[in-house]
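Quick notes on the structure that follows.
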Amino acid sequence: MEKTFVIIKPDAMERRLMGEIISIYEKKGLRISTLKITKPSLELARRHYQEHKDKPFFDELTAYLSRSELCAMIVEGKNAVAAVRKINGGTNPLEADAGTIRGRFGLSKTENSIHSSDSQEHAEEEIKLWFPEFQAD
Ligand code: CMP
């Protein structure tokens with residue numbers, strides 16, 4: 001089964017939305033195969049968002065991701081990368097479809113409640129970064 005990597009971000013965790021968000025994926029037939037609640041270091045947040053290091057919002061984004069606990073997950077299912085991104089909605093909550101996670105719960109482009117990998121290649125890299133103990137099958 002295809003795997004993707006998902007983060008329930010600090011703004012959603014702080015508002016106790018973890019269970020509701022996990023339930024949305026499960027009801028779409030996806031499986032949470034690994035899950036960890038953790039407050040990452042700024043260093044880990046910076047490595048995660050490495051590809052955005054030259055963007056003007058990089059410092060704000062990485063400070064936000066490391067400000068409190070988040071939930072990092074491996075989500076499995078048919079076409080998991082694309083399926084999860086569809087459920088999540090567009091980056092900007094104001095423009096995301098109203099039924100998506102970002103459309104329903106996101107507060108701003110930074111505090112947009114959820115992250116997921118944009119390709120299978122990035123999913124593999126992000127799973128290695130966040131779950132170094134994980135052995136791919
Ligand atoms: P995510 O899908 O986790 O990956 C990159 C993140 O950068 C994205 O979610 C947004 O939270 C953030 N982002 C993208 N564009 C902007 C922006 N213009 N201002 C602030 N944050 C942004």
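Read-outs: derived from the displayed coordinates by stated rules, not from any lab. Because the structure is a prediction, the values reported are computed rather than measured. Positions of Cβ are generated from backbone atoms using ideal geometry, with glycine treated the same way; all protein chains shown enter the neighbour counts.
A few comments on the model shown:
- Percent of alpha-carbon pairs separated by more than 22 Å within segment 1-82: 32 percent
- Sparse-neighbour loop sites [GluC sites (Glu not before Pro); segment 86-137; at most 14 other C-beta within 10 Å; DSSP]: Glu95, Glu133
- Prolate/oblate/rounded call for the chain, Cα gyration tensor, a/c under 1.5 rounded: rounded
- Whether segment 63-137 is rounded, prolate or oblate, judged on the alpha carbon gyration tensor where a/c under 1.5 counts as rounded: oblate
- Structure-based [θ]222 nm, the chain - -39500 (n - 2.57) summed over DSSP H runs of at least 4, per residue, nearest 500: -10500 deg cm²/dmol
- When exposed loop sites are taken as trypsin sites (Lys or Arg not before Pro) in a DSSP loop with at most 14 other Cβ atoms within 10 Å, the longest stretch of the chain clear of them is 79-137.
- Sites matching GluC sites (Glu not before Pro) across segment 2-90 that sit in DSSP coil, with at most 15 neighbouring C-beta atoms within 10 Å: Glu69
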